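> Just passing along the structure, written as structure tokens.
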Amino acid sequence: MIKRILSFLIILSIAASIIVFPSFAASLTTEEKALNLKKISIFSEDDTKFPLSQKLTRYEAAVYAARLMGAEKTIKENSEIYRKTNFTDVPEYMWYAPYIGYCTSKGIISGVGNNMFKPNDYVTEKDFLIILLGSLGYKSGIDFNWNTVFMTSYSAGLVKQISYIGKTQDNTNFTRRDAVEILYNALSTKLRGTD
């Protein structure tokens, strides 16, 4: 846990040196935010080439959550361990398998049943918020549930619009553009139970 907090603080300090929070952040375009996320290695080189209007997959959500937690080095150093998951549809040879394994080991993600993860399925907004809340130390079933995801995300600072307090309708057309905004907000969000 201490490694996780330290990793997150290192990422946050790097982000602060690159990005001015929070007043300047509001004036950045989504494209500029995506480039800043690339500068701090949440996105890779290839990630900045994809259209922001495309939907986000489950494996991409796991990769971004792991990188947000500062786990890239840990995952690479322990790739052989993390690439072995219980999901029959996540082959060990897939480049994203260790990220899914890492997030699963931390209790951030779970499958869809029958030992399946469905890595290429698209995430909804609630799915993504649940994953990021988990990466910030929030526990599903303890700190939030399916019905309180939006309100908890607003309280945590992952989303900024006050409408999230009473929001109930899930966004099933969740795009990479939407993910960029939430990931960017996560950079200035406190880990659960910390100052």
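> Taking the range 61-135, which chymotrypsin sites (Phe, Trp or Tyr not before Pro) meet the DSSP loop condition and have no more than 12 other C-beta atoms within 10 Å?
Y93, W95
> Further question on the same structure: Straight distance only, please: which aspartates and glutamates reach the Cα of K39 with their own Cα at less than 13 Å, same-chain residues fewer than 8 apart left out?
The qualifying aspartates and glutamates are E31, D47.
> Tell me which of F150, I81, Q169 sits at the most positive position along the dipole axis of the range 64-195, charges placed on C-beta atoms (Lys, Arg +1; Asp, Glu -1).
In the range 64-195, that residue is F150.
> Dipole size in debye (nearest 20) for the range 56-195 around its Cα centre, Lys and Arg Cβ +1, Asp and Glu Cβ -1?
Computed about the Cα centre, the dipole is about 180 debye.
> Per residue, how large is the accessible surface of the range 79-195? Use a 1.4 angstrom probe and give square angstrom.
51
> Which entries of K84/K190; K38/K118; K76/K126; K38/K160; K126/K160; K38/K139 show an alpha-carbon separation above 24 angstrom in the structure shown?
K84/K190; K38/K118; K76/K126; K38/K139
> Taking 0.36 nm per intervening residue step and subtracting the Cα-Cα distance, what contour gain separates N145 from E80 on full extension? Walk me through the numbers on the way to the answer.
Details: separation 65, 0.36 × 65 = 23.40 nm, distance 3.28 nm.
Gain on extension, N145 to E80, equals 20.1 nm.
> Quick check on the range 152-195: take the gyration tensor over C-alpha atoms, sort the square-rooted eigenvalues as a ≥ b ≥ c, and tell me if it's rounded (a/c under 1.5), prolate or oblate. Numbers along the way, then the final one.
Values: a/c = 2.54, a/b = 1.35, b/c = 1.88.
The shape class here is oblate.
> If each of E32 and K160 carries a label point 7 Å out from its Cα toward its Cβ, how far apart are those two points in nm?
Placing both labels 7 Å along Cα→Cβ, they lie 1.2 nm apart.
> At a Cα cut-off below 12 Å, give the aspartates and glutamates reachable from K167, other chains included and same-chain residues fewer than 8 away excluded.
E125
> Compute the FRET efficiency between S188 and S110 as 1/(1 + (r/R0)^6), taking r as their Cβ-Cβ distance and R0 = 25 Å, and round to the nearest 0.05. Kindly include the intermediate steps, with their values, before the conclusion.
Numbers: r = 27 Å, r/R0 = 1.10.
That pair, S188 with S110, gives E of 0.35.
The values are calculated or read from the model by the stated rules, or taken from the named source; none is laboratory data. The shown structure was predicted, so the numbers you read here are calculated from the model rather than taken from an experiment. Using ideal geometry, Cβ is built from the backbone for each residue, glycine included, and neighbour counts are taken over all protein chains shown. What goes into the accessible areas is simple: the full protein's heavy atoms, side chains included, and nothing from ligands, DNA or RNA. Shrake-Rupley method; radii C 1.70, N 1.55, O 1.52, S 1.80 Å.
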